[in-house]
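First the structure, in the form of C-alpha cells, and then the observations on it.
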Amino acid sequence: MIQDSIPSEIVDTYMALVKQVLHLHRKWGVFRHLFVSTQETVDLLNDAGGDFIGMVQDLLAHDIVLTIARLTDPKQTLGKENLSLEQLIHTIDAVRHEPLRKNIEQIYAGSKPKFAFAKLYRNKLIAHYDLATQLAQEPEPPIPTTTDIEDGLNAIRDVMNAVQQYFDGLEIATVNYYDLVTHPGGENRLIARLRAAKRMDASDDRMSFAADA
C-alpha cells in the first residue's frame, strides 16, 4: 500500500490530503462532463432544470475553486493548523529527507502563481463579500477558466506525487488522480435518463399530431 513506505510523521497528513485531492478531481470530472463536454449535454440539462441547474453549476464551480484555495492555504491561519500542501511540506524533515524537502519546496514555490486565481476569487466573492467589489467600486475578479482549474490541479498533483515518487523510488506516481476526471460516473446515468426522457417526449408529440390528423 502507498502509506507503507511513507514515514509516520508524514503519512497521516499525506493520506488526508490524498483523500481531499481525489475528491477534488472527482468533482472536477463531474463538472466537466455536465457543463463543459458538449452543447447537447448543456441543452439537455437546461431543458430539464433551467435555473436550478444553473444553481447547481455555480455551487459546484465555487466548491472546486474553494477546495483549491483551501489546499493551498498556509500551514496556519490565526494560530490554527490547516490541512494543506504547505502543512505537508513542513512534515518532511529537512535533514533526514533533504532531497525531497528541497524538491517539494521548489515545486510548490513554482506552482503558487497557478493557485492565485482561486485565492482571489475565494477572498472576493465566495468566502467573503468584499465590500468594494459588491458595491462595484472595484471590478470583480475574472471568472476562473477551465485552463485555470486544470493548471491548478496539475500543480497540486506535482506536489503530491513528489512524496510518493521519493519514498517508493518511482519515476511515475501510482496514484492516478486524473482518472477521476476522465472516467464519468453517476452523471452519465443522469444524462442517459434525460436523453431517454427527451426521446419519449418527442414520441408522445408525434403520436399527438397523428391523433389530431
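The values are calculated or read from the model by the stated rules, or taken from the named source; none is laboratory data. What you see is a predicted model; the values in this text were computed from it and never measured. Here Cβ is always computed from backbone atoms with ideal geometry, including for glycine, and neighbour counts include all displayed protein chains.
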**OP:** With the checklist (1) under 30 Å from ARG101 (Cα atoms); (2) surrounded by 12 or more Cβ atoms within 10 Å (Cβ to Cβ); (3) modelled with pLDDT of 95 or more in hand, flag the one item GLN164 doesn't pass.
**Re:** (3)
**OP:** Mind listing whichever residues of the range 47-62 are surrounded by 13 or more Cβ atoms within 10 Å (Cβ to Cβ), free of Cβ contacts under 8 Å to residues at least 60 places away in the same chain and more than 23 Å from ARG122 (Cβ to Cβ)?
**Re:** GLY49, ILE53
**OP:** Considering only the range 170-184, state which residues are part of a loop (DSSP other than H, G, I, E, B) and at pLDDT 85 or above.
**Re:** TYR177
Original post:
Could you list, in sequence order, the residues of the range 6-46 that are surrounded by 14 or more Cβ atoms within 10 Å (Cβ to Cβ), among the small types (Gly, Ala, Ser) and part of a helix (DSSP H, G or I)?
Top reply: GLY29
Original post:
Among all residue pairs at least 6 apart or on different chains, which show Cβ distances below 9 Å where the first residue, located in the range 83-99, is over 18 Å from SER5 (Cα atoms) and the second is at pLDDT below 95 and hydroxyl-bearing (Ser, Thr, Tyr)?
Top reply: none
**OP:** Would you check if there is a residue in the range 90-99 being crowded, with 19+ Cβ neighbours inside 10 Å and within 21 Å of the chain's Cα centre (by Cα)?
**Re:** no
Original post:
Applying the selection to the range 108-147, what residues are outside any helix (DSSP H, G or I), under 16 Å from the mean Cα position of the chain (by Cα) and touching a residue at least 24 places away in the same chain (Cβ under 8 Å)?
Top reply: PRO144
